[in-house]
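Here the structure comes first, spelled out in structure tokens, and everything after it is commentary.
The values are calculated or read from the model by the stated rules, or taken from the named source; none is laboratory data. Remember, predicted model here, so these are calculated numbers, not experimental data. Please note: Cβ atoms are built from the backbone with ideal geometry, for glycine as well, and neighbour counts cover all protein chains shown.
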Amino acid sequence: MILVIDDDSGVRSSLQFMLKRAGYAVQVVPGPREAMEMVRAEAPDLILMDMNFTLSTSGEEGLTLLKQVKLFRPDVPVILMTAWGSIELAVMGMRAGAFDFVTKPWNNAALLQRIETALELRHVVRNGGDASAVGKLERSGIIGQSKALTEVLDVVARIAPTNASVLVTGESGTGKELIAEAIHANSQHAGKPFVKVNLGGISQSLFESEMFGHRKGAFTDAVADRQGRFELADGGTIFLDEIGELDLSCQVKLLRVLQDQTFEPLGDSHPRKVNVRVVSATNADLRAMVSARTFREDLFYRINLITIKLPALRERREDIPLLARYFADRQAEQNALPRVEFSPEALDFLSRLPYPGNIRELKNLVERTVLMCGKKRLEASDFELGNLAQDTSARPASNASPSFAGMTLDEIERQTILQALSSHRNNLTQVASALGISRAALYRRLEKYDIKIND
Ligand SMILES: Nc1ncnc2c1ncn2[C@@H]1O[C@H](COP(=O)(O)OP(=O)(O)OP(=O)(O)O)[C@@H](O)[C@H]1O
Ligand SMILES: [Mg+2]
């Protein structure tokens, strides 16, 4: 049973109608007193609750009710409804344990989806892990058998089929994008588009046209109609990579579309409706950014009904031999080389490196060594060399400046970026910090100089 609490009789009856038509049993009550009576008598499966009761515009009454409900029925998911203008109230509610929030006027389809997701996740949590789920998981090239990785895959298996928004966190190179792809491959949206957007690479002025599209003539450079990423992702998954890089003005625009899955292309007043699963990734600490007010708290709650934290490679060293063999086999295959073996000492050596660049670093080291050595059996010393070559190139080249003679400023900048990319094995976070610029600024330059990164 779904319990609807709202003091507006029009809202109550339209929600009741909509929910009944969707097949749910529904009870409606006008205020906190009646709500608590109901909640005491029977546990609803879900509560849909207005935060703004007429008596207190501050929302205090709604917040108090939420806290009482949570005390009495901690396991019942509560979805809050607030006006867009008082979304701060929803944020306070989320801190107090609400599961999710919608803004009024609500979009029926989006609301039904939130309800369905809440009920599905409740089921998933209650019934715990299904051991066979991991076995059935389409692993999309995710290698490893460590406990740390298996736990992650268990969560992926359980939440992929729901529509819940997922935030994937972890250090650079831990496989966030791979996990995002696995979530998509195991979702109801598999086979539909998986659209990746690098939010670190989008300048503020381009954000809207990139995400929402534009009509021809919407602005000077809009020479033709263009579909935005949300439209391209319709029916599938949108992967919002580097979401911590998004500036505040873009955050609010993103929140709006995530809120009710509608948006308007630039230069077009017809709202578009989409059905898109949202998976985001970051290596930033979004909670700290929320405290520092550089990341909107409402957006934070909107993008992570579920958080998946990926372990660093040093926390799952037992996977290193497996990964090394996998990367070596693929490299040999791609270059039509004979299969390569590792001596036990080589695997032991590899298993003990620190890997600040995580799996990407291991992958690059193995691939480079396979190519450089051209041997059938790799020894520890082969990797020592490869690893050493890496370290020296990571130092700033002291002879860099003379070679710049006769170059334009742009050429020097381009060369400097290329050099930093190779020194830091294309790790953009490290490159940006080595160059003393933000990742967003780095992306703009990569675009400007048409530098393509292959992973
Ligand atoms: N478990 C794994 N098995 C096989 N390959 C992996 C695994 N995890 C990561 N990789 C590989 O390591 C590289 C880095 O992974 P990915 O791009 O997903 O990392 P990321 O966390 O998104 O990094 P960044 O924060 O730098 O964007 C990719 O080439 C990916 O295919
Ligand atoms: Mg990534």
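Worth a mention:
- Some residue of the stretch 210-217 being crowded, with 21+ Cβ neighbours inside 10 Å and of a type in the set (Phe, Trp, Tyr): yes
- Among the candidates Ala148, Ala98, Ala109, Ala118, residue that is part of a loop (DSSP other than H, G, I, E, B), away from ligand 2 (no atom under 15 Å from the Cβ) and touching a residue at least 24 places away in the same chain (Cβ under 8 Å): Ala98
- Put simply, of Glu181, Glu171, Glu138 the only residue that is of a type in the set (Asp, Glu) and touching a strand residue (DSSP E or B) at 6+ places or on another chain (Cβ under 7 Å) is Glu181.
- Single match in Leu66, Leu80 (criterion: touching a helix residue (DSSP H, G or I) at 6+ places or on another chain (Cβ under 6 Å) and in a strand (DSSP E or B)): Leu80
- Selection from the stretch 285-334 of residues that are of a type in the set (A, V, I, L, M, F, W, C) and in contact (Cβ under 8 Å) with a residue 60 or more places away in the chain: Leu286, Ile303, Leu305, Ile306, Ile308, Leu310, Ala312, Leu313, Leu322, Leu323
- Residue ID - surrounded by the fewest Cβ atoms within 10 Å (Cβ to Cβ), chosen from residues in the stretch 70-95 that are of a type in the set (Val, Ile, Thr) and touching a residue at least 40 places away in the same chain (Cβ under 8 Å): Ile87
- You will find that of Arg226, Arg256, the residue that is of a type in the set (Lys, Arg) and over 19 Å from the mean Cα position of the chain (by Cα) is Arg226 and no other.
- Pick from the stretch 159-192, criterion of a type in the set (Val, Ile, Thr) and in a helix (DSSP H, G or I), ranking: nearest to ligand 1 (Cβ to nearest atom): Ile179
- Restricting the stretch 146-201 to residues that are basic (Lys, Arg) and surrounded by fewer than 19 Cβ atoms within 10 Å (Cβ to Cβ), the residue that is modelled with the lowest pLDDT: Lys147
- Candidate set from the stretch 287-335 (those that are in a helix (DSSP H, G or I) and within 16 Å of ligand 2 (Cβ to nearest atom)); member that is surrounded by the fewest Cβ atoms within 10 Å (Cβ to Cβ): Ile303
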